[in-house]
Amino acid sequence: QEKNCPITHYRKSQNIVQDKRIWVTYKEGVYDITDFVIEHPGGDQILLAAGSSVEPFWMLYAVHNNPHVLQQLEALRIGNLSKQDSQHSLENMSDPYSSDPPRHAVLKPASVKPFNAETPPFLLVEQFITPNELFYVRNHLPVPQIDPETYELEVEVEGSNKTVLLTLDDLKKFPKHTITATIMCAGNRRSEMTKEKPVKGLNWGPAAVGNATWAGVRLRDVLKKSGINEDDKKWKHVQFEGVDFDPTGKTYGASIPFWKAIDKRGDVILAYEMNGSPIPRDHGFPIRVIVPGVVGARNVKWLGKITVSENESDSHWQQNDYKGFSPSTNWDTVDFSKSPAIQELPVISAICTPSANEVVKVQDGHILVKDLGYAWSGGGQKIVRVDVTVDGGNTWHIADLDCQDAAEPPQHWSWTLWSARIPIRSGIRNVEIWAKAVDSCYNTQPETFRNIWNLRGVLNNAYHRVPIKTQ
Ligand code: MTE
Ligand code: MO
């Protein structure tokens, strides 16, 4: 443990100073991982463990603790710790995920620790409102245990040394505001993009999305009560911090533009209810920010602190993740400071039933699929049309928009559920259903993933294509 490499020296693999080697330990082994980090995309994550044991980190990111990774590591072993040193406090280290809440068995995990899971697609489109226990879960870290009796939310106005502390009761004294809004992960449908060319991230299908009714207090009301003048040009961002934290003590964080936070029509709320119940632990109990129309990552759960600022959040998830890049940008050339953080999401749709390779009955020369899919657009835009084709775009059929909220743009926050009755030429057994949606700005989806591919696999909104068999 003679080398203690400060993380900040190694922010990106390109910046690694060759004469400062990076060592980690695992059990009694000592490993020089410098060359590995240079090769490895996302090497900056590994550097959290630089100069120390990787074990606490692997408990947090359990995907790494597998035979393949251990084998790779073994090749880098340069020595062993003394018996004394290797007997340090490992015994006291418990699984940080042991107090995570129980989950519905139907949720399909993309990773277990941290817990990430999506709804089975056919269940997703059965109901306009996604039930709490079926709502997808995207956690970066263990679920914090928060006592609602002692919970306090801190509100800081940067540059003033005044901070406001609000208990749950204080918060509930503000007028209650209810909205129905879709929340979607930036990585939703990533598994399709990765088929074009591998991307780094959880292998989500089309169901890292859900629609719920959220109730709470307007962020705007809390900010005004904390002394913020909505016309003050100085304020550019509102930052949020969760109380979930990584082994270095860093909490999950994100920010949104000030205008979105303060605008009455932005409908940003500090929610304490999800579909009429207290927010479940996985979804942010007791308070989570709902930023409708904006990517899931900014909807910070287990909210601990709000900061009104001139600057964006400096968290990893605001600065070095959840950004889009050119298809030609790779892990050697990427510069996260050059792309803006994703806020409003682009228009998307997905076919949820039938599933790939399902056999579908033809009746009167048509296939009829109820609850076919969902469509949604960010920024409070509404879906005005969904087009479906089964002949590669020679003919398009207009889908029925079966379930749609009455709210008008730019405050239309919910998804639209749709279905279609599609004519099929007789004798054709294998067809591919394609879907694309059009929103109230007349934005539509790109045809393929090829030209929107990006290294993190975000913004996966190309036409959804599902091959089926007819009978
Ligand atoms: N907030 C905290 N505190 N910690 C997190 O890991 N994940 C974010 C966001 N808020 C996250 C968070 C991401 S990336 C998404 S997509 C949504 O929460 C997921 O919300 P859900 O789990 O309620 O579906
Ligand atoms: Mo996400």
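The values are calculated or read from the model by the stated rules, or taken from the named source; none is laboratory data. Being a predicted model, the structure only gives us computed values, none of them experimental. Note that each Cβ is placed from the backbone with ideal geometry, even for glycine, and that neighbours are counted across all protein chains shown. Note: accessible area is taken over every heavy atom of the protein model, side chains too, but ligands, DNA and RNA are not part of it. Shrake-Rupley method; radii C 1.70, N 1.55, O 1.52, S 1.80 Å.
Table for the structure above
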quantity	calculated
Flag if GLY253 is open to solvent by 50 Å² or more (accessible area, probe 1.4 Å), closer than 28 Å to THR130 by Cα, of a type in the set (Gly, Ala, Ser) and modelled with pLDDT of 95 or more	no
Hits in region 104-162 (condition: within 24 Å of ALA254 (Cβ to Cβ), at pLDDT below 95 and surrounded by 15 or more Cβ atoms within 10 Å (Cβ to Cβ))	LEU107, ALA110, SER111, LYS113
Count of region 428-437 residues which are open to solvent by 10 Å² or more (accessible area, probe 1.4 Å) and under 28 Å from ALA181 (Cβ atoms)	2
Some residue of region 350-360 being surrounded by fewer than 19 Cβ atoms within 10 Å (Cβ to Cβ) and either touching an Asp or Glu at 6+ places or on another chain (Cβ under 8 Å) or free of Cβ contacts under 8 Å to residues at least 24 places away in the same chain (or both)	no
Positions within region 428-449 being among the β-branched types (Val, Ile, Thr) and either more than 24 Å from the chain's Cα centre (by Cα) or part of a strand (DSSP E or B) (or both), in sequence order	ILE428, VAL431, ILE433, VAL438, THR444
Residue satisfying all of: in region 163-189; away from ligand 2 (no atom under 16 Å from the Cβ) and under 30 Å from ILE351 (Cβ atoms); least open to solvent (accessible area, probe 1.4 Å) among these	ILE179
Residues (modelled with pLDDT of 85 or more and more than 22 Å from the chain's Cα centre (by Cα)) located in region 61-98	LEU73, GLU74, ALA75, LEU76, ARG77, ILE78, GLY79, ASN80, LEU81, ASP95, SER98
Check on LEU219, more than 16 Å from ligand 2 (Cβ to nearest atom), at pLDDT 95 or above, touching a helix residue (DSSP H, G or I) at 6+ places or on another chain (Cβ under 6 Å) and assigned by TED's automatic domain parsing to the domain that holds TYR322	yes
Residue identified as assigned to a strand (DSSP E or B), surrounded by fewer than 21 Cβ atoms within 10 Å (Cβ to Cβ), over 21 Å from the mean Cα position of the chain (by Cα) and at pLDDT 95 or above among ASP387, ASP391, ASP405	ASP387
Residue within region 272-281 that is aromatic (Phe, Trp, Tyr), away from ligand 1 (no atom under 13 Å from the Cβ), under 30 Å from LYS172 (Cβ atoms) and surrounded by 21 or more Cβ atoms within 10 Å (Cβ to Cβ) present	yes
Every residue from region 411-427 that is open to solvent by 70 Å² or more (accessible area, probe 1.4 Å) and either assigned by TED's automatic domain parsing to the domain that holds ALA207 or part of a loop (DSSP other than H, G, I, E, B) (or both)	ARG425, SER426
Residue match in region 200-213 (condition: away from ligand 1 (no atom under 15 Å from the Cβ) and in the same structural domain as LEU134 (by TED's automatic domain parsing))	no
Residue in region 183-197 that is small (Gly, Ala, Ser), in a loop (DSSP other than H, G, I, E, B) and either outside the structural domain of ASN454 (by TED's automatic domain parsing) or more than 30 Å from GLU152 (Cβ to Cβ) (or both) present	yes
